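Only one structure is covered here, and it is reproduced in the block below.
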Amino acid sequence: MAVKITDRIGRRLGFRLVGLGLILIGCFVRIVDPYPVQMSRLIYFDILQRISPRIFDPDLPVRVVDIDEKSLTAWGQWPWPRTQLGQMVERLGDYGAAAIAFDVLFAEPDRYSPIRLLQDPSLSGILQVDRSAINLDNDVKFAAEIVKWPVVLGVAARGSESASDIVPKAGLVEIGENPAAGLVGVSHWTSLAPPLGESAAGVGGVNVSPLGGLGVVRRVPVLWSGPGGVMPGLGVEALRVAIGEPVYFAEGSQDELGIMLEVGVGDFLLPTTENGEIWVRYRRDNPGLYLSADDVMRDADDPALRAEIEGRIILVGTSAAGLFDMRETALGESVPGVSIHAQIIEQIILGDMLSRSDVTAALELLAFVILGVVVTVVMSSFGAVASFIAGGMAAAVVMAISWLAFQNQSVLFDATFPLAGGMANFGLLAGYLFVSTEREKRVIRQTFSHYVAPEILDEMEANGHQLRLGGETQEITVMFSDIRGFTPLSESVSATDLVELLNELFSEIGDQILIERGTIDKFIGDAVMAFWNAPLPLENHPCRAAMAALKMRKALDVFNASHLMQGRSPIALATGVATGAACVGNIGSRRRFNYTVIGDVVNVAARIEQNCRHVDYDVLVSHTVQQVTRSDLALLEAGYVDLKGKREPEPVYVLVGDTDLAGSADFQALQAAHLSLLAAIREQASQAVVAERCDECARLAVAVEPGLTPFYRALPGRAADFRAEIHTGGPLFSHHNGQRKAAE
């Protein structure tokens, strides 16, 4: 007993060590953080936002002036002349905009400037202008207009060296160990056509993701590290200009270099990632955010438009399809890039900022470890089912913590890794438990196989090792199938080839029995015995057995066409099926027994199979089978036959086909002709009439089942099998026997 306890403790300890190893591997994977782990985390955060997106507040001081299709139709293709944009700035300024930020680029001088047009060699000899207009420059006029108002111009990151260095307009105060050193870097910014850069109140980066970044926009850099200094993003720069702040505050780690914690602008604090990005808390795109540029450009003073612009931060951008500024959000929407800048300003003003710190990541790892420990300890002590329940409860707690943290604190807590890691641990540990258990079962099975038959072991496993002699009486369907002409076949091949042939054949036909959920009782030389409705109840089991016989017929055709039968005569089967009561159970001695069936129905099925030669057809079924399946199968009456051990002949039926065949027009015609033939026989019509109707049936059978042709050819010699008086034991009974013996 002490040895058993020691073994049990040793196995449990080994199991827990395996669980601990899996937990350590999971921790290593989370620290390395490969791409699949990152993507699952990001997708989970998207799902959180889709479940509970931010609500649009029309009272927030942010609007987008949209250069939409309507505006392009009214004012011409993009880019518009800078004089026209100056008019837009003037209109927005007059309407009282707190800040005007352009999410468009002014990298090159205006091509519509008179000075530029006159410098074009193809136009210099054509255009004639007043000398006073020669030096007119639209960029100068645009700069003269924007200097009057709080205008922010946009620049974009680019990789080429053809751009000029852009100097930020705002100062930066760093707190900590140089937090700006870890910002997302930009090699070069697009230039601003002179003198626009000097006239603007602010300059901001229009990119919503690092250079080359594609796909869903989840994080947007607030500050960029550029060649001319730290450049703010367009949205936060527009906010700074609107509130009149000259500097940003960047707070970083006091112990590590280049770690950004948060950015301050005025009274607003923005928690950031260590490289200066913020998580965007999205809302559904709303038409209330947008004002058409066409409406702004109209000369008439519109009080409703003034109410939308006055005191608000105005972002100028485009949603026109041809200008390619559409980006995908975490909510699965495609929105103009300027809308993302607007949403950043909204969430800064609301203070609804998503955050995710190293502490959160550490708590996620701790949640994974706790889940792994719960799964390991419970499974090692109480098994897989208890572990699944306990792990499921722990996973539900993790999910609840993640949701509450997002909903109430705007904290992004990743539940995917603890859950996925916990499930992976559960699956691997369950697999380990299964393998170790199966190994023990194999050892026991190998030991017992020296003493009992394999089928007994199967039932021992199924019934908890509680076996006893005896059985129970129930209705079953029995099938016997025998190879015709086996003796000539065995004489024509070697014993080795014969065994290979039989194994292949029994595999083919045995599969059909199993497909129809039959139980193969035994192989008896060149025959197979199977039964249905035991050990498990089976609905419509006579039909199942009949369908198995039909499938065996098709499988035999395939087998006869295989390479094993090349150069050999085709194999034929004779199959008998009967339904009746039998005793099903373990039958034998107390030391060795078999699971089998005993009863009259077994003998009936075996004798019906033997009469296939007499009837000259391959599949015969008993009257009990026909009574149950006549509406589902194509059956034809085959008369009464003698069964060895039976006092009176038994009615049998040939199985022609399945339900589809039974409903076909060809079979219906054959069935009508068959009934006419039987009527002629029972009315004792002349031999000529019987022969004529047999020929008619044989002709119709070609289109239904060619195997019926021998059946109808032999039928005139079996006319006595169909006489109505046979089953009564009357005078024709002995006449029938004598007639059949004479025929034989």
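Quick look at the values:
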{"item": "Members of segment 504-534 found to be surrounded by 14 or more Cβ atoms within 10 Å (Cβ to Cβ) and closer than 20 Å to GLY471 by Cα, listed by number", "result": "GLY518, THR519, ILE520, ASP521, MET529, ALA530, PHE531, TRP532, ASN533, ALA534"}
{"item": "Qualifying residue in segment 51-69 (condition: in a helix (DSSP H, G or I) and under 24 Å from ARG356 (Cα atoms))", "result": "yes"}
{"item": "Long-range neighbours under 6 Å by Cβ, at least six apart or interchain, first residue closer than 15 Å to GLN49 by Cβ and in contact (Cβ under 8 Å) with a residue 12 or more places away in the chain within segment 262-291, second among the polar types (S, T, N, Q) and outside any strand (DSSP E or B)", "result": "ILE278/THR272; ARG281/GLN347; TYR282/GLN49"}
{"item": "Whichever residue in segment 613-633 is surrounded by 15 or more Cβ atoms within 10 Å (Cβ to Cβ) and in a loop (DSSP other than H, G, I, E, B) and, among such residues, is farthest from the chain's Cα centre (by Cα)", "result": "ASP616"}
{"item": "Looking only at segment 206-235, and only at residues there that are polar (S, T, N, Q) and in a loop (DSSP other than H, G, I, E, B), the one that is modelled with the highest pLDDT", "result": "ASN207"}
{"item": "Residues that are surrounded by fewer than 22 Cβ atoms within 10 Å (Cβ to Cβ) and not basic (Lys, Arg), drawn from segment 301-318", "result": "ASP301, ASP302, PRO303, ALA304, LEU305, ALA307, GLU308, GLU310, GLY311"}
{"item": "Options ARG699, ARG713, ARG718: the member that is farther than 21 Å from ASP482 by Cα, without any contact (Cβ under 8 Å) to a residue 60 or more places away in the chain and of a type outside the set (Val, Ile, Thr)", "result": "ARG699"}
{"item": "Counted residues, segment 332-376 - those being among the hydroxyl-bearing types (Ser, Thr, Tyr) and more than 20 Å from TYR290 (Cβ to Cβ)", "result": "4"}
{"item": "Some residue of segment 383-397 being modelled with pLDDT under 85 and within 30 Å of ILE587 (Cα to Cα)", "result": "no"}
{"item": "Residues (in contact with a helix residue (DSSP H, G or I) (Cβ under 8 Å, 6 or more places away or on another chain) and not in a strand (DSSP E or B)) located in segment 268-289", "result": "GLU274, ASN275, GLY276, VAL280, ARG281, TYR282, ASP285, LEU289"}
{"item": "Residue that is farthest from THR477 (Cα to Cα) [pool: residues in segment 548-584 that are of a type in the set (S, T, N, Q) and in contact with a Pro (Cβ under 9 Å, 6 or more places away or on another chain)]", "result": "SER569"}
{"item": "Residue tally, condition of a type in the set (Ser, Thr, Tyr) and free of Cβ contacts under 8 Å to residues at least 12 places away in the same chain, over segment 308-350", "result": "1"}
{"item": "Spans of helices (runs of 4 or more DSSP H) in segment 475-562 with at least 2 residues touching a Phe, Trp or Tyr at 6+ places or on another chain (Cβ under 9 Å)", "result": "495-515, 541-560"}
{"item": "Residue list for segment 44-85, filter: free of Cβ contacts under 8 Å to residues at least 12 places away in the same chain and of a type in the set (A, V, I, L, M)", "result": "ILE47, ILE51"}
{"item": "Matching entry among ARG283, ARG298 (being among the charged types (D, E, K, R) and either crowded, with 18+ Cβ neighbours inside 10 Å or at pLDDT 95 or above (or both))", "result": "ARG283"}
{"item": "In segment 144-166, the residues that are buried (at least 22 other Cβ atoms within 10 Å of the Cβ), hydrophobic (A, V, I, L, M, F, W, C) and at pLDDT 85 or above", "result": "ILE146, VAL151, VAL152, LEU153, VAL155, ALA157"}
{"item": "Total residues in segment 693-730, condition surrounded by 14 or more Cβ atoms within 10 Å (Cβ to Cβ), at pLDDT 90 or above, farther than 14 Å from HIS614 by Cα and among the aliphatic types (A, V, I, L, M)", "result": "4"}
{"item": "Test: residue in segment 648-661 that is over 22 Å from ALA549 (Cα atoms), assigned to a loop (DSSP other than H, G, I, E, B) and out of contact with any Leu (no Cβ under 9 Å at 6 or more places or on another chain)", "result": "yes"}
{"item": "Selection count, segment 254-271, where residues are buried (at least 18 other Cβ atoms within 10 Å of the Cβ) and more than 16 Å from LEU350 (Cβ to Cβ)", "result": "6"}
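Rundown of residues vs (1) at pLDDT 90 or above; (2) over 23 Å from SER199 (Cα atoms); (3) not assigned by TED's automatic domain parsing to the domain that holds LYS141, yes/no style:
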site: ILE9; (1), (2), (3): no, yes, yes
site: GLY26; (1), (2), (3): no, yes, yes
site: ARG30; (1), (2), (3): no, yes, yes
site: ILE47; (1), (2), (3): yes, yes, yes
site: GLY76; (1), (2), (3): no, yes, no
site: GLY86; (1), (2), (3): yes, no, no
site: GLU108; (1), (2), (3): no, no, no
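The values are calculated or read from the model by the stated rules, or taken from the named source; none is laboratory data. Computed from a prediction, not measured in an experiment: that's the story for all the values here. Glycine also receives a Cβ, built like all others from the backbone with ideal geometry; neighbour counts cover every protein chain displayed.
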